[in-house]
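Down below is the structure, laid out as structure tokens.
The values are calculated or read from the model by the stated rules, or taken from the named source; none is laboratory data. Keep in mind that this is a model prediction, so the values were computed, not measured. Here the Cβ is made from the backbone with ideal geometry for all residues, glycine too, and neighbour counts use every protein chain on show. Heavy atoms of the whole protein, side chains included, go into the accessibility calculation; ligands, DNA and RNA do not. Shrake-Rupley method; radii C 1.70, N 1.55, O 1.52, S 1.80 Å.
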Amino acid sequence: MGFFDKIFGSDKEKEEERWYEIRTTQEMDNVIMASSERPQVILKHSNSCGVSFFAKQNLDSIPSEKLEDADLYIIDVIRYRDVSYYLADKFNIRHESPQVFVIKDKEVVWNGSHGRVNADNVVQSLTIA
């Protein structure tokens, strides 16, 4: 870490602060409950998948002001496979990766996988959420 990164924080640290990791099914239930207050965006992501890497990079390009009314979560589908499948089962939506869920009032208002996981689709889904 460079001198200025120590003072101001690196872009990577700021990027990671944007996403809160879900590690347990209890945390998943808490996120679903929180959707009663504001939209929740959940990204199912695999660090070993190129498609997932580029999908996350694309989502990271969304300006903060377009996401200020939503909370962002990420599930590492390799490390927390049980949580990933729990989410799929809870909403009866086939598990895929990468995959995004936009949840409002405890219901999935939009989901997409693979090529549909992009900034435009997520931002648009938040306008209807």
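Of note:
- All conditions in (1) open to solvent by 80 Å² or more (accessible area, probe 1.4 Å); (2) free of Cβ contacts under 8 Å to residues at least 40 places away in the same chain hold for ASP82, with the sole exception of (2).
- ILE128 falls short on exactly one of the conditions (1) at pLDDT below 95; (2) closer than 18 Å to ASP29 by Cα, and that condition is (2).
- One residue stands out among those in segment 85-94 that are within 19 Å of MET33 (Cβ to Cβ) and without any contact (Cβ under 8 Å) to a residue 24 or more places away in the chain: the one that is surrounded by the fewest Cβ atoms within 10 Å (Cβ to Cβ), which is ASN92.
- Residue list for segment 27-51, filter: assigned to a helix (DSSP H, G or I) and of a type outside the set (Val, Ile, Thr): GLU27, MET28, ASP29, ASN30, MET33, ALA34, GLY50
- Taking (1) among the aliphatic types (A, V, I, L, M); (2) part of a loop (DSSP other than H, G, I, E, B); (3) more than 17 Å from ARG116 (Cα to Cα) in turn, ILE62 satisfies each apart from (3).
- Qualifying residue in segment 95-107 (condition: open to solvent by 40 Å² or more (accessible area, probe 1.4 Å), farther than 20 Å from GLU17 by Cβ and assigned to a strand (DSSP E or B)): yes
- First in segment 111-129 and in a helix (DSSP H, G or I), second anywhere and modelled with pLDDT of 95 or more and aromatic (Phe, Trp, Tyr), Cβ under 6 Å, 6 or more apart: SER125/TRP110
- For segment 108-126, a residue qualifies if it is crowded, with 18+ Cβ neighbours inside 10 Å and closer than 17 Å to ASP69 by Cβ, and the qualifying residues are TRP110, ASN121, VAL122, SER125, LEU126.
- Filter result for ASP69 (at pLDDT 95 or above, open to solvent by 30 Å² or more (accessible area, probe 1.4 Å) and out of contact with any Gly (no Cβ under 6 Å at 6 or more places or on another chain)): no
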